[in-house]
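Reading through the structure tokens given below for one structure.
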Amino acid sequence: MVPLSWYLILSAILFTIGAVGVFLKRNVITIFMCIELMLNAVNLTLVAFSSFYKQVYGQLFVFIVMTVAAAEAGVGLALVISVFRNRETLDVDKSNILKL
Amino acid sequence: MLKGIEVLFFYLLSLLCIFFSMLTISARNAVHSALFLISTLISVAGLFLLLHAEFVAGVQILVYVGGVLVLFLFVIMLVSSGQTTRRIFTNQFAIGVAVATLLGLSFFAAISQVQATNYFRAREAKQEVVTKNTEKVGLQLYTQAVLPFEIASLVLLVAIVAAVRLARDRKQEKIFN
């Protein structure tokens with residue numbers, strides 16, 4: 001059995017890579033993808049704990065996280081379409097004012 | 001024998017995960033980024049299989065790869081403006097790298113701290129080879145966790161309504177208002 005800490009370290013690496021993407025990318029769709037990557041790293045942690053403690057509650061949490069991720073992707077991409085219709089850009093540095 | 005193969009698969013899948021996730025954030029084209037993210041998510045699904053969580057692995061493939069990432073690809077193709085940007089990173093490069101490095105170091109510190117106290121290893125039990133993962137998950141999901149399950153479906157309903165409302169264009173708003 002692979003030790004639990006290996007999974008934790010892998011998921012920390014994945015979460016940090018996702019955080020780097022959120023901090024640094026210009027394209028708003030890519031930022032959404034990096035958020036999905038971070039949520040997936042958290043899912044990996046939850047499944048690893050659930051598997052090592054022989055409880056399925058962690059996997060139930062994973063389903064809730066997946067539901068929230070799907071809802072977030074749907075609403076977020078609708079917002080992206082709505083912003084793109086008004087601004088004609090996906091650059092987060094260029095859409096920094098609220099008014100049209 | 002089984003342990004060696006498991007360690008081998010863990011190394012393989014985790015290297016694939018890290019490789020593809022770094023390609024995800026460094027790809028210039030958003031479509032390439034989405035395809036690399038699909039590869040990352042499939043590798044994570046393999047890790048779920050390695051952890052004997054077969055149902056979660058299947059849901060990961062079906063929901064993320066089959067649903068969310070296809071939605072991403074559709075939106076990328078809807079809003080693609082044609083021009084390729086030369087610079088893919090924001091102007092806050094140095095502070096972003098600094099904050100991310102601090103985040104990663106704090107994770108490693110937390111993990112090594114917990115590892116030093118030997119808290120996990122004492123409670124690791126022997127893994128049975130054949131698990132009834134799907135049966136256990138379904139049983140818990142419909143008995144103990146039935147309220148979060150219903151709340152999750154409510155969240156999805158609200159998200160559907162919000163997405164439909166937000167993504168309408170002007171012409172459709174005139175029709176429906």
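The values are calculated or read from the model by the stated rules, or taken from the named source; none is laboratory data. On a predicted model such as this, the values are computed, not experimentally measured, just so you know. Counting neighbours? That spans all protein chains shown, and the Cβs are built from the backbone with ideal geometry, glycine included.
Does A:Val22 count as surrounded by fewer than 23 Cβ atoms within 10 Å (Cβ to Cβ) and part of a loop (DSSP other than H, G, I, E, B)?
No: the conditions fail for A:Val22.
State all residues of the range A:73-100 that are out of contact with any helix residue (DSSP H, G or I) (no Cβ under 7 Å at 6 or more places or on another chain) and not basic (Lys, Arg); if no residue qualifies, say none.
A:Val83, A:Asn86, A:Glu88, A:Thr89, A:Asp91, A:Asp93, A:Asn96, A:Ile97, A:Leu98
Which residues, taken from the range A:27-53, are out of contact with any Lys or Arg (no Cβ under 7 Å at 6 or more places or on another chain) and of a type outside the set (A, V, I, L, M, F, W, C)?
Answer for the range A:27-53, where residues must be out of contact with any Lys or Arg (no Cβ under 7 Å at 6 or more places or on another chain) and of a type outside the set (A, V, I, L, M, F, W, C): A:Asn27, A:Thr30, A:Glu36, A:Asn40, A:Asn43, A:Thr45, A:Ser50, A:Ser51.
Out of B:Val137, B:Val164, B:Val155, report the one residue that is more than 7 Å from chain A (Cβ to nearest Cβ) and either surrounded by 12 or more Cβ atoms within 10 Å (Cβ to Cβ) or modelled with pLDDT of 70 or more (or both). Quick ask: steps written out before the conclusion?
Values: B:Val137 fails: more than 7 Å from chain A (Cβ to nearest Cβ); B:Val155 fails: more than 7 Å from chain A (Cβ to nearest Cβ).
After ruling out the rest, the residue left standing is B:Val164.
Of A:Ala73, A:Ala48, which residue is within 7 Å of chain B (Cβ to nearest Cβ), surrounded by 20 or more Cβ atoms within 10 Å (Cβ to Cβ), within 12 Å of B:Leu51 (Cα to Cα) and touching a residue at least 24 places away in the same chain (Cβ under 8 Å)?
A:Ala48
What single numbered condition from (1) at the interface with chain A (Cβ under 7 Å from one of its Cβ atoms); (2) not in a helix (DSSP H, G or I) fails to hold for B:Arg28?
It is condition (1) that B:Arg28 fails.
Given the criterion among the polar types (S, T, N, Q) and modelled with pLDDT of 90 or more, identify the matching residue among A:Asn27, A:Asn43.
Result: A:Asn43 is the single residue among A:Asn27, A:Asn43 that is among the polar types (S, T, N, Q) and modelled with pLDDT of 90 or more.
Give all pairs with beta carbons closer than 6 Å in which a residue from the range B:46-62 that is closer than 15 Å to B:Cys17 by Cβ meets a residue that is surrounded by fewer than 21 Cβ atoms within 10 Å (Cβ to Cβ); count only pairs at least 6 apart in sequence or on separate chains.
Sorted first by the residue in the range B:46-62, then by its partner, the pairs are B:Gly46/B:Leu13; B:Leu47/B:Leu13; B:Leu50/B:Phe9; B:Ala57/B:Leu49.
So B:Thr85 clears everything in (1) touching a strand residue (DSSP E or B) at 6+ places or on another chain (Cβ under 8 Å); (2) modelled with pLDDT of 85 or more; (3) of a type in the set (Val, Ile, Thr) except one condition, right? Which one?
Every condition holds for B:Thr85 apart from (2).
Checking A:Gln55 against (1) at the interface with chain B (Cβ under 7 Å from one of its Cβ atoms); (2) not in a helix (DSSP H, G or I), only one condition comes out false. Which one?
(1)
What are the residue pairs meeting all of these: first residue in the range B:134-149, first residue in contact (Cβ under 8 Å) with a residue 40 or more places away in the chain, second residue of a type outside the set (Lys, Arg) and part of a helix (DSSP H, G or I), Cβ atoms under 6 Å, and 6 or more apart or on different chains?
B:Thr134/B:Phe55; B:Val137/A:Gln59; B:Val137/B:Phe55
Mind listing whichever residues of the range B:1-45 are aliphatic (A, V, I, L, M), surrounded by 16 or more Cβ atoms within 10 Å (Cβ to Cβ) and farther than 26 Å from A:Arg26 by Cα?
Within the range B:1-45, B:Leu13, B:Ala45 qualify.
Quick test of your reading of the structure: B:Glu6 fulfils all but one of (1) in contact (Cβ under 8 Å) with a residue 40 or more places away in the chain; (2) more than 7 Å from every other protein chain (Cβ to nearest Cβ). Name the failing condition by number.
(2)
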